[in-house]
Amino acid sequence: MNNIIKVANLSKRYASGFEALKGIDLTIRKGEIFALLGPNGAGKTTLISTICGIVRPSEGTVTVGGHDIAADYRAARAMIGLVPQELTTDSFESVRATVTFSRGLFGKPPDPGLIEQILRDLSLWDKKDAKIMTLSGGMKRRVMIAKALSHEPDVLFLDEPTAGVDVELRRDMWQLVGRLRERGATIILTTHYIEEAEEMADRVGVISKGQIILVEEKAALMAKLGKKQMTIELQNRIEAVPEALSPFNLGLADGGNALVYTYDSQAERTGITALLQALAEAGLRLKDLHTRQSSLEEIFVNLVSDR
Ligand SMILES: Nc1ncnc2c1ncn2[C@@H]1O[C@H](COP(=O)(O)OP(=O)(O)O)[C@@H](O)[C@H]1O
Ligand SMILES: [Mg+2]
């Protein structure tokens, strides 16, 4: 089976009357890393929670490995590991006991060797006897991941895995995701950082206001949407962009002390070379240069205004 998750016509209206998901159709392929990208409030957590059977859909169906999440909840849920956005682990139990217990919850036989491996992979082995409530936020998050992996799920959901975590954990997380994928796991992560999707995902789905507005291979998406901006600080102020530079569609910034060039981040860099040449020919002297990747927020504005 190539599609491990099928979401069909999924809608969620909360008790407040708010419609957080509006007719979502989505399939996740076995073995892929899928990034669900969207701004805060787009419905990412609601969608993940619905697929995991925690939030009940108002309409539509979800199957995981062919098991309906409502009618066949236990079988579907056993295939899933979920690392929620919020830290919910705060106990008097030790790290190892908590992770071991988590595996038992899914009816899997004890496997101390596996638990050790998971704790080592997450740099938690030194903390195995520590009570969870004594750990830092970053360490608690590692415990949440260990719990989610304890029953060897086929599909791992990571809800905003690196929002607010330190650089070290972020790096560990990316490595872990890479190793899990090599073992054939399917991984779905939500993020509002385009860099994260860019780093890890095979495919990217963009969600906005409860609707999936596009699903694409990452490379294609970055090519389509990844714009970069180069700011050129000038040594001398100018009144207007010289006529000779008009093909570059430059913007004037900083009261005439800078020029802004927008270009496609995947495109070849000949545009920049030509621009620098043209600047020199126009007699403009540069003070400094910096580039910036467009943010998801800007990409969204573009996407929404395109529609
Ligand atoms: N339990 C709830 N009751 C009512 N509205 C909710 C509830 N949970 C989330 N929402 C609303 O649904 C929308 C989507 O939320 P969420 O799925 O958490 O978005 P995201 O994870 O993309 O930030 C938001 O507007 C949020 O306020
Ligand atoms: Mg969320």
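No lab work stands behind these numbers, since they all come straight from the coordinates. All figures in this text were calculated on a predicted structure; none of them were measured in a lab. In this analysis, Cβ positions are derived from the backbone assuming ideal geometry, glycine residues included, and neighbour counts consider all displayed protein chains.
So what is the diffusion coefficient of the chain in µm² per second by Stokes-Einstein at 25 °C and 0.890 mPa s, using a Kirkwood Rh over Cα pairs? It would help to have the intermediate numbers written out before the result.
Numbers: Rh = 21.8 Å.
Roughly 112 µm²/s, to the nearest whole number.
The 3J(HN,Hα) values that the Karplus relation (6.51, -1.76, 1.60; θ = phi - 60°) gives for region 151-167 are, in residue order, 9, 6, x, 7, 10, 10, 9, 10, 8, 6, x, 10, 5, x, 9, 6, 4 Hz. Gly and Pro appear as x. What does a probe at A15 reach in region 50-65, counting residues whose amide N is under 13 Å from the point 7 Å along Cα→Cβ? Those under the cut-off are 56. Going by amide H atoms built from the backbone, whose H comes under 5 Å of the H on A253, apart from near neighbours? The answer is A258, L259, V260.
A straight Cα-to-Cα reach below 17 Å connects K131 with the aspartates and glutamates D90, E93, E116, residues fewer than 8 places away in its own chain not being considered.
On full extension, the segment bounded by A75 and E93 gains 3.7 nm, given 0.36 nm per residue less the C-alpha separation. Using alpha-carbon positions, what is the distance between the centroids of region 214-263 and region 184-199, in Å? Measuring centre to centre over Cα atoms gives 28 Å.
Between the alpha-carbon centres of region 33-91 and region 10-31 there is a gap of 10 Å.
3J(HN,Hα) couplings calculated from phi for region 33-50 with the Karplus curve 6.51 cos²θ - 1.76 cosθ + 1.60 (θ = phi - 60°) are, in sequence order, 10, 10, 9, 9, 10, x, x, 4, x, 6, x, 4, 5, 4, 5, 4, 5, 5 Hz; Gly and Pro show x. Shape verdict for region 46-117, please, from the Cα gyration tensor: rounded (a/c under 1.5), prolate (a/b greater than b/c) or oblate. Oblate shape, in that a/c is at least 1.5 and b/c is the bigger or equal ratio.
Partners of K287 within straight-line reach, counting aspartates and glutamates whose Cα lies under 14 Å from its Cα and excluding those fewer than 8 residues away in the same chain: E233, D254.
Evaluating 6.51 cos²θ - 1.76 cosθ + 1.60 at θ = phi - 60° for every residue in region 3-12, the Karplus couplings come out as 9, 8, 10, 10, 10, 10, 6, 7, 10, 9 Hz, glycine and proline recorded as x. For the chain, the share of DSSP beta bridges that are antiparallel, to the nearest 5, is 70%. Excluding same-chain neighbours fewer than eight residues apart, the lysines reachable from K6 by a Cα-Cα span under 21 Å are K22, K30, K44, K209, K218.
Axis of helix 137-149 versus longest Cα principal axis of the chain: the two differ by about 60°, to the nearest ten degrees.
Which residues' amide hydrogens lie under 5 Å from the amide hydrogen of I33, considering only partners 5 or more residues apart or on another chain, with H built in the peptide plane? Residues meeting the amide H criterion: I187, D202, R203.
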